[in-house]
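Notes to accompany the following structure.
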C-alpha cells in the first residue's frame, strides 16, 4: 500500500492506494468518529462491493442508499434520495457518509455530506479509474443543472480516500478509457516525463496490468494533491486541472449528460486544446499527432460530435464556470508538460479548432 | 447608523443598522466585486422594496428572482428557482446575490450563494424583525426537508448585513411578535439586564416605537455576533442560541411548516424550556410567570398545539439536529440571563412539561 497526503492544514487527509484495501477495517476506523455510517453507492457497484465494505464496518450502524447509475442522475432530485435515507434512518451530526462508486457517486455523496445538517464527515472510496485519479481527490463536490455541469456544489474535503486497485478488475473497457484521459491530462499539464511514461506503456495500461495501473494512479494523485494543496478553492493554479474540460463540458452538455462519458469528452476536449496549441505555435505537429495517436490507443473518441458546430461550442462555453465578466477563459498548453490559464484568446485559431470536426488533431 | 462587526478573521463582516439604508449606494458598492447582482426576494417584499434597492444598484447588471412567500416553500425545489435565474442570466463566479426579505429568503439566498458555482458573494438585507435580530447574522443557511427543519444547508457568511429599520413600518403585527420572541431569547440566555429592559419596554416595542426597536435590534445583534464570533460552526457555545428551538421545531414540523411562524413556535418553545427550568429548580415560579406574561404581551402563543401529545414531541425531538448518538440535547436555563446545553435530562420533569398543554408556564 502506498500513502500520499493532500496537504490542507487542519483539513489534510491521506490517500491510500493498494490491492485489497476495501476489506481492511483498520483503514476505516480511524476516520469514523460516530456510530453511524451511510454507504452511498449505485445499482452497478452495490452487487460488486457493498458486501465487502459492510464486512469491514460491522462495528457500526451501517445503512445504505443505492442510486441509479449514470451522469444523467447527478442532480438535486437524486441528491434528495441521500437526504431521505439519512433522515428516515435518523442519522445525526456525527454520522459518516461513504462514497462507494465512480465520480458521480463521489460528487453527490460529497455534496450531500457538505450539506447534511450543514456538514458531516465523509470517506471517498472510488471504484473507477477516473474517480481514483481525479474526482475523489481535492474536494470538488456537486451536481449538474439542466443549464450547466457542476453548477451547484461545494468545496468539501473527505476524511480519507481509499483506492482499492482491485476494483479496476470489474471496470468496463469504456470506463478504463475514460479514466485514462485524465491520466494523460496530468502528464500533459504538469509532467512531461510522466506523459512519456504513459505513452510508452499505453498498451499495457489498457490491458489492465495491475502494476502499471497502480503507478499511473499514484503519479496522477500526487500531481493532483500537489496542485490542490497550493490552491484549494481554485483562485489560481488549480484551474489547470480543467485542461480540456471547457471543450469537454460543451460536448457533454450538448449531447445530453450521460451520452458521452465525462472522460471521453475530456479526451476530445484535450485534443481540441492541443489543436489550438498547434495552431498558435505552442506545440509541434508531431506532438499533436502523438497525442491523437495515444488517445486512439486509449480507446477515446478523437472527433467532436458531427452535429456540433462552432456556434454550439461557443454558446455552451460562454456559460462555463470559468467564464469571467463575459470573457471565455481557457486552459492551454505552453508545451507538453506545462499548461496555463488565459482569457487572451486567438479568435481565428479558436474558430478553426471548433470547426475542425473530423480533421481535429491532423 | 450604528455598525457592529461579526469577528470571524478573514471572513469578518459589518452589520449596519439604521433608518433609510436601502437606498444608500455607498453602503452597497464596497461589498460588490463583480458587475452582476441577483436580487432574491419574495412576492410580498418585492412590491415594497425592490424598486428602492434597484435604484441604489444602477451601476450593475441587476436581475431578480421573486419567490413565493412562506416557510412551506423553503425547500430544494424553490432553491432551484434561484439557480435557474442565475444560469439563464449567465451569472458568473463574481456575481453577488442579495437576500431581500425575511428569514426564509435569507436562508435560501445564502444557501444558493454557498452552492452556486461552489460559492459566490452575498449580502443580507433582512426586512423582518426576526431576520434582523437572528437569521441574517451568523451564516446559517439552508432549506427544510419533509422530515426535518433546516436539515440541508451550509455555514456561509455574507459580505455585509444591511438592516434598514424603516422596513419594520410595513411589517404585519404577527411578524413583529414572531421577531420579538428572538429578542426576548437573547435576554433570557445571555443578558439579564437586557431581559429586564425588554420587559420594561414591551408595550412600546409592540407599538412599533422606532427608537426602542433600533435599540432592541442592536443589542440582539451584538449578542448574536459575540456568540458566533466565539463558535462559528456550533461545536460548543453557539448551541445556546437554539434555546426554545428544539421544542419549537417539533411544533413547526408537527403542524406543517408555515402554519405556526418560526418565532411563534420559538416563543412557546422557550416557555416550555422555562417550564422545565422551573420544575428542576433553576428558576422561580415568579420568573416563569413573568416570562409567560411577557410572551403574551408580545402577542405570542403560550400554549402548545392541542393535538400534540408528549409522544409527538419526543418523536420529533429525536430527529432534531442537536441529537447526538440518540440522546436528546436541550438548551436549558441555569437562571434568567444564562443558558447551558445538556444531554443530562430529568425525564420526569420533561414529560410533565411536554404534557402540560394549556397549563404550560403556570
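Coordinate-derived values only; no laboratory data. Computed from a prediction, not measured in an experiment: that's the story for all the values here. Please note: Cβ atoms are built from the backbone with ideal geometry, for glycine as well, and neighbour counts cover all protein chains shown.
Taking each residue in B:88-98, count the Cβ atoms of any other chain within 10 Å of its Cβ, then average. What number comes out?
3
Given all pairs of different Cα atoms, what value in angstroms does the Kirkwood hydrodynamic radius of chain A take?
20.5
Full extension from residue A:89 to residue A:334: what is 0.36 nm times the residue separation minus their Cα-Cα distance, to one decimal in nm?
Stretched out fully, the residue A:89 to residue A:334 stretch lengthens by 83.0 nm.
For the pair residue A:211/residue B:16, report the inter-label distance in nm, with labels modelled 7 Å from Cα in the Cβ direction.
Simple spin-label model gives 6.8 nm for this pair.
If each DSSP helix of 4+ residues adds -39,500 (n - 2.57) and the sum is divided by the residues in chain B, what number results at 222 nm, nearest 500 deg cm²/dmol?
Rounded to the nearest 500, it is -13000 deg cm²/dmol.
Under a 10 Å cutoff between Cα atoms, tell me which one of A:104, A:125, A:53 has the largest fluctuation in the Gaussian network model of chain A.
Judging by the Gaussian network model, the answer is A:53.
Taking the convex hull of the Cα atoms, report for the protein assembly as shown its projected area averaged over all directions, in nm².
Projected area, direction-averaged: 29.7 nm².
Given R₀ = 56 Å, FRET efficiency for residue A:146-residue B:226 by Cβ-Cβ distance, to 0.05?
My answer for the efficiency is 0.80.
Using only alpha carbon pairs under 8 Å that are at least six residues apart, calculate the relative contact order of the stretch B:2-168 and give it in whole percent.
26
Counting only other chains, and only Cβ atoms inside 10 Å, what mean value do you get across the residues of A:144-152?
Averaged over the peptide's residues, the number is 5.
Need one value for A:108-116: mean number of C-beta atoms belonging to other chains within 10 Å of its residues' C-beta atoms.
The per-residue average across the peptide is 3.
Any chance you could give the angle, 0 to 90 degrees and rounded to 10, that helix B:245-255 forms with the longest Cα principal axis of chain B?
In chain B, helix B:245-255 runs at an angle near 80 degrees to the longest axis.
Please give the FRET efficiency for residue B:306 paired with residue B:280, using the beta carbon to beta carbon distance and R0 = 25 Å, rounded to the nearest 0.05.
For R0 = 25 Å, the calculated efficiency reads 0.45.
Under the rule a/c < 1.5 gives rounded, and otherwise a/b versus b/c splits prolate from oblate, where does the stretch A:2-170 land using the Cα gyration tensor?
It is rounded, given that a/c, with a ≥ b ≥ c, falls under 1.5.
Using Cβ counts within 10 Å as a stand-in for footprinting exposure, how do A:173, B:84, A:312, B:10 rank, fewest first?
Going from least to most buried by this count: B:10, A:173, B:84, A:312.
Between A and B, which A residue has the Cβ nearest their rotation axis, distance in Å?
Spelled out, residue of A and its Cβ distance from the axis onto B: A:76, 3.
Which distance in nm do the two modelled labels at residue A:48 and residue B:235 give, with both placed 7 Å along the Cα-to-Cβ direction?
Taking the two extended label points, one gets 3.7 nm.
Output the 0 to 90 degree angle, nearest 10, between the alpha-carbon long axis of helix B:173-190 and the longest principal axis computed from the alpha carbons of chain B.
It works out to around 70 degrees.
By how many nm would the segment from residue B:8 to residue B:192 grow when fully extended, if each residue of separation counts as 0.36 nm and the alpha-carbon distance is taken off?
Taking residue B:8 through residue B:192 to full extension adds about 63.6 nm, to one decimal.
R0 = 60 Å: FRET efficiency of residue A:318 with residue B:349, Cβ-based, nearest 0.05?
Efficiency computed from Cβ-Cβ geometry: 0.45.
Where in the stretch A:158-198 is the amide nitrogen less than 17 Å from a point lying 7 Å along the Cα-to-Cβ axis of residue A:297?
Hits in the stretch A:158-198 for residue A:297 at 17 Å: A:177-188, A:192-198.
Taking neighbour Cβ counts within 10 Å as the exposure measure, how do A:60, B:49, A:362 sort from fewest upward?
A:362, A:60, B:49
Under a plain spin-label model, where a point goes 7 Å from the Cα along Cα-to-Cβ, how far apart in nm are residue A:358 and residue A:62?
5.2
So for chain B, averaging the separation of alpha carbon pairs under 8 Å that are six or more residues apart and normalising by length, what relative contact order in percent results?
Relative CO of chain B lands at 15 percent.
Determine how many Å³ per residue the convex hull of the Cα atoms of the stretch A:174-359 encloses.
Residue-normalised Cα hull volume stands at 109 Å³.
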